[in-house]
Amino acid sequence: MSNVRPESMERITTPALAEAFIAEQIDAIRAQVGSGKVLLALSGGVDSSVVAALLIRAIGQNLVCVHVNHGLLRKGEPEQVIRVFRDELGANLVYVDAVDRFLDKLAGVSDPEQKRKIIGAEFIRVFEEEARKQEGIGFLAQGTIYPDILESVGVKAHHNVGGLPEDLKFELVEPVKFLYKDEVRVVGKALGLPDAMVYRQPFPGPGLGVRCVGAITRDRLEALREADAIVREEIGKLPETPWQYFCAIPDFQSTGIRYVDGQGQRYMGWAVVVRAVNTVDAVTATVPEIPFPVLCTIRDRIIASVPGVNRVLWDVSEKPVATIEWE
Ligand code: XMP
C-alpha cells in the first residue's frame, strides 16, 4: 500500500468530515481484517487512542489493546486509559503492570541514551510476551500518522513496536497514517474521546524517564510525578496553554530549612524544575511568559505537598541551546 497521502484527500477540519472519515475507515478496517484479531499497544496518547477507538467501532472485541504501565507515565494516566477504554468503550484491554520490571532494569543507569534504550527494549519485550499469550492474532494496529511517515525516523522511532521478532510480524493496520496531528484530534473528538486525551500535550515515549535526571530512584520519580501533576493543572488553567509544559527533577539536592519547635534545622532536599515551551516543530522552542502569581501557586502547592522537595526553579532556556527535555 502506498505511503503517499492521496492528493484527492480533503483536509479533515470539521466534525462532518471526521464522521465521513470514520465511516470510511470502519469499512476499510473490516475489509482488511475480516473476523481476524488485531493487537494494539495502547499508550493513551492521542494517536494510539484514536486508532483504538476506531477499531473498537469496527471490530469490537476482536481488538486486543495492551496498555503497558512502565512506571514512567504521568499521574493518573493508566487509570484514565482503563476508565475510558475498558469501562466506557468496553474494549478488550490487557493492563500490564510492569513498573517493577522497568525500574529494576533502570536502577543505577544514568546515561540518557542508555536509559532510552533500556525503556525501548523492555517495552518491546513486555509487549512481545503479551502478544504470545494471545491466541490467533493476525494483525498489529499502529498509531502511525503522516508526519511519522514523512520524517521516517520521527520521535516515535524511540518507542514504537517495530522491533518485534520475525514470528510476530503481523500485518499492519494503520488507519490514521495519512492524517496530520490536527486531523487526528478532530477525528478523536468525533469518536467521543475525552478532551484530556484528544488535546493531550506531546509526551515522550520514555516518559518521565527523561525528566528524572540521571539514575532514576523511586522517591525522586514519585516527587516528579506529583510535582508534574501540579504544574500541568496550574499552567493548564491559563487561557492559552503552551505547547508543552511539565516538570523535571535534577539529581542534586540543595539546602533547605525547616522549623521544629521554633528551631531552624537545615536539611537537604530536591529541586524541581518547571518547564514550558512553545514551538511549531520541536526543532526550536521559545519560552512563554508564565504569570508570576501562577508560578507562586505552583511553588506553594509543590512545597506543601511533595515530600522531599524544598526548591522550585523556573527554566527560561530556549532551544537552542537547551533541548526541550532535560535529557
Ligand atoms: P528535545 O528534548 O529533543 O525534544 O528538544 C523535542 C521533542 O521530542 C520529544 N522527545 C521525545 N519523544 N522519545 C519521544 O517519543 C524520546 O526519547 C524523546 N526525547 C524528546 C520532546 O518531548 C519534545 O516534544
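Before moving on, here are some points about what is shown:
- Subset tally (residues that are polar (S, T, N, Q) and more than 29 Å from ARG220 (Cα to Cα)) for segment 108-143: 2
- Residue identified as crowded, with 16+ Cβ neighbours inside 10 Å, more than 16 Å from LEU208 (Cβ to Cβ) and in the same structural domain as ASN62 (by TED's automatic domain parsing) among PHE127, PHE123, PHE102: PHE127
- Filter pass, GLU88 being more than 17 Å from SER43 (Cβ to Cβ), acidic (Asp, Glu) and modelled with pLDDT of 95 or more: yes
- Yes/no for ARG232 being of a type in the set (D, E, K, R), over 16 Å from ARG200 (Cα atoms) and either touching a helix residue (DSSP H, G or I) at 6+ places or on another chain (Cβ under 8 Å) or assigned to a helix (DSSP H, G or I) (or both): no
- Just one residue in the set THR279, THR286 is over 28 Å from ALA215 (Cβ atoms), of a type in the set (S, T, N, Q) and more than 9 Å from the ligand (Cβ to nearest atom); that residue is THR286.
- Within segment 280-292, residues that are over 15 Å from VAL316 (Cβ atoms) have Cβ atoms under 8 Å from residues that are part of a loop (DSSP other than H, G, I, E, B) and of a type in the set (Val, Ile, Thr) in these pairs: ALA282/ILE324, counting only partners at least 6 apart in sequence or on another chain.
- Conditions (1) touching a Leu at 6+ places or on another chain (Cβ under 9 Å); (2) under 27 Å from ALA18 (Cβ atoms); number of the one not met by GLY188: (1)
- Residue satisfying all of: in segment 218-251; under 13 Å from ARG275 (Cα atoms), in contact with a strand residue (DSSP E or B) (Cβ under 8 Å, 6 or more places away or on another chain) and of a type in the set (D, E, K, R); surrounded by the most Cβ atoms within 10 Å (Cβ to Cβ) among these: ASP228
- Under the condition of being part of a loop (DSSP other than H, G, I, E, B) and more than 24 Å from SER49 (Cα to Cα), the residues counted in segment 196-218 number 5.
The values are calculated or read from the model by the stated rules, or taken from the named source; none is laboratory data. Please read these numbers as outputs of a predicted model, since none were measured by experiment. All Cβ positions, even for glycine, are placed from backbone atoms using ideal geometry, and neighbour counts span all protein chains on display.
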